[in-house]
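To start, the structure under review is shown below, and the notes come after it.
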Amino acid sequence: MPVRRLPSNPNLDQLKYQAKDLRKDHAGRDPGVAQRIREFHPRFHKATDVDIFDAQLGLSDAQLTIARECGFPSWTRLKRHIEKPTLCDRLDLPHHERIEDATFRRAVELIDAGDASGLREHLKRHPKLAHQRVVFEGGNYFRNPTLLEFVAENPIRHGTLPKNIVQVAKAILDAGVEQSAMKETLALVATGSVPHACGVQLPLIDLLCEHGTDPNTVIEMAALHGELEAVNALLGRGARMNLPVAAALGRIEDCRRFLPRTNSRERHLAFALASQFGHVEIVRLLIDAGEDPNRYNPVGGHSHATPLHQAAGAGNEELVRLLIKHGARLDLKDVLWRATPADWARHEGKTEIEEYLREQEALKKS
């Protein structure tokens, strides 16, 4: 789920009121609030709605949820951001302009310029750079990146990448990089629209896998972001096919094969992916296996919405009808915009779907 970006002049008192409202909505057992808490409060990451509603939610818990929902690790860090901002707190600036360390910032400039030889020399003069991290807050990823992670252009800073970005990445890898940094970079590359558009996504995947990065760690993320070429490249690099990946690719026979030996997490994610990509028969298969169409999608998987929101927004009438037939609620609102599936259809210009959903809403009320 995307974080809620703070306004240019955030008000701490207003955020305190939001925390109090969160507690009230928790007491009211609002399923959308349960989803927010599950996504952003680490103690409830794997909790069910019932577990969340039955738990005591103190003011500190609500404040932590609000802080993390805004992209900060704690209420204390959010408070410091508002009361004593520094350059790195300038959320209106692209990430490279928020770097306070001049040596690290110069290395990023060399990456962006495609100056592989200059970067090699810079790394020789400052060998610790290959292992150093910088801190960014106010987002839901790219919070503590190493230098290598800047080669992915994810999050987008310039909207393009140097043609020789593979050679630039190799210069950093040759300087010595931890596996954790390579894993994070592979995730950013495999889910990034800019590497894809620039034609360097697959070569970067190859490079990182050649250096020992496990493709299994990112394949589901690539599927969730619709980067199916990356998914196939990761499979080619030895990643294992599983139920969620098969659901994203529309491989129903593989889904049937995997289904009997999968766990709840895999089935929930597969249901979200099959709905996202409009694979109606796989959705039907998973409903028959007991998946609930009224659960919000899992954390990391368009978790602000339900399968019916996605089907309505995509204009997939067959899928919309199937989900409603099996009890999908028409009144559930997404977490970000507080909109119903019919509202999503209207926003995306899917007039016939909207009309059908409004008709169903009227029938439910009559």
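Take residue 35 and decide whether it is surrounded by fewer than 16 Cβ atoms within 10 Å (Cβ to Cβ) and either free of Cβ contacts under 8 Å to residues at least 12 places away in the same chain or closer than 28 Å to residue 224 by Cα (or both).
When the stated conditions are applied, residue 35 does not pass them.
Can you tell me which condition residue 57 does not meet? The list is (1) part of a loop (DSSP other than H, G, I, E, B); (2) touching a residue at least 60 places away in the same chain (Cβ under 8 Å); (3) crowded, with 16+ Cβ neighbours inside 10 Å, and all the others hold.
For residue 57, the failing item is (2).
Say we look at the stretch 4-14 and pick out the residues that are outside any helix (DSSP H, G or I) and out of contact with any helix residue (DSSP H, G or I) (no Cβ under 6 Å at 6 or more places or on another chain); which of these is surrounded by the most Cβ atoms within 10 Å (Cβ to Cβ)?
Of everything passing the filter in the stretch 4-14, 6 is surrounded by the most Cβ atoms within 10 Å (Cβ to Cβ).
Would you mind finding the one in 173, 208 that is buried (at least 16 other Cβ atoms within 10 Å of the Cβ), outside any loop (DSSP other than H, G, I, E, B) and touching a helix residue (DSSP H, G or I) at 6+ places or on another chain (Cβ under 6 Å)?
208
What's the total number of residues in the stretch 329-366 that are assigned to a loop (DSSP other than H, G, I, E, B), more than 24 Å from the chain's Cα centre (by Cα) and surrounded by 21 or more Cβ atoms within 10 Å (Cβ to Cβ)?
Residues in the stretch 329-366 being assigned to a loop (DSSP other than H, G, I, E, B), more than 24 Å from the chain's Cα centre (by Cα) and surrounded by 21 or more Cβ atoms within 10 Å (Cβ to Cβ): 1 in total.
Which pairs do you get when a residue that is assigned to a loop (DSSP other than H, G, I, E, B), found in the stretch 243-255, comes within reach of a residue that is surrounded by fewer than 24 Cβ atoms within 10 Å (Cβ to Cβ), reach meaning Cβ atoms under 7 angstrom, with the pair 6+ apart or on two chains?
Pairs found: 250/277.
Within the stretch 136-170, restricting attention to residues that are in contact with a Pro (Cβ under 9 Å, 6 or more places away or on another chain) and among the polar types (S, T, N, Q), which residue is nearest to residue 95 (Cα to Cα)?
If we take residues in the stretch 136-170 being in contact with a Pro (Cβ under 9 Å, 6 or more places away or on another chain) and among the polar types (S, T, N, Q), then 154 is nearest to residue 95 (Cα to Cα).
Can you find a residue that is part of a loop (DSSP other than H, G, I, E, B) and either buried (at least 23 other Cβ atoms within 10 Å of the Cβ) or in contact (Cβ under 8 Å) with a residue 60 or more places away in the chain (or both) anywhere in the stretch 306-323?
yes
Conditions (1) touching a Ser or Thr at 6+ places or on another chain (Cβ under 8 Å); (2) outside any helix (DSSP H, G or I); (3) buried (at least 21 other Cβ atoms within 10 Å of the Cβ), marked per residue:
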position	(1), (2), (3)
16	no, no, no
23	no, no, no
29	no, yes, no
43	no, no, no
46	no, yes, no
51	no, no, no
64	yes, no, yes
67	yes, no, yes
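If you go through the stretch 211-224 one residue at a time, do you hit one that is under 30 Å from residue 121 (Cβ atoms) and out of contact with any Lys or Arg (no Cβ under 7 Å at 6 or more places or on another chain)?
Yes, some residue in the stretch 211-224 is under 30 Å from residue 121 (Cβ atoms) and out of contact with any Lys or Arg (no Cβ under 7 Å at 6 or more places or on another chain).
Determine whether the stretch 294-301 contains at least one residue that is small (Gly, Ala, Ser), buried (at least 21 other Cβ atoms within 10 Å of the Cβ) and in contact (Cβ under 8 Å) with a residue 60 or more places away in the chain.
yes
Considering only the stretch 71-126, how many residues are in contact with a helix residue (DSSP H, G or I) (Cβ under 7 Å, 6 or more places away or on another chain), among the β-branched types (Val, Ile, Thr) and surrounded by fewer than 15 Cβ atoms within 10 Å (Cβ to Cβ)?
Adding up the residues that qualify gives 1.
So is residue 286 in contact with a Pro (Cβ under 7 Å, 6 or more places away or on another chain), assigned to a helix (DSSP H, G or I) and buried (at least 21 other Cβ atoms within 10 Å of the Cβ) or not?
Criteria not met by residue 286.
Within the group 274, 187, which residue is surrounded by 18 or more Cβ atoms within 10 Å (Cβ to Cβ), of a type in the set (Gly, Ala, Ser) and outside the structural domain of residue 142 (by TED's automatic domain parsing)?
Checking each option against the conditions leaves just 274.
Could you pull out the residue among 235, 269 that is buried (at least 22 other Cβ atoms within 10 Å of the Cβ) and modelled with pLDDT of 95 or more?
269
Specify which of the listed residues (217, 160) is in the same structural domain as residue 129 (by TED's automatic domain parsing), within 30 Å of residue 109 (Cα to Cα), among the β-branched types (Val, Ile, Thr) and within 17 Å of the chain's Cα centre (by Cα).
Sole residue among the options that is in the same structural domain as residue 129 (by TED's automatic domain parsing), within 30 Å of residue 109 (Cα to Cα), among the β-branched types (Val, Ile, Thr) and within 17 Å of the chain's Cα centre (by Cα): 217.
The values are calculated or read from the model by the stated rules, or taken from the named source; none is laboratory data. Because the structure is a prediction, the values reported are computed rather than measured. As a convention, Cβ positions derive from the backbone with ideal geometry for all residues, glycine included, and neighbour counts pool all protein chains shown.
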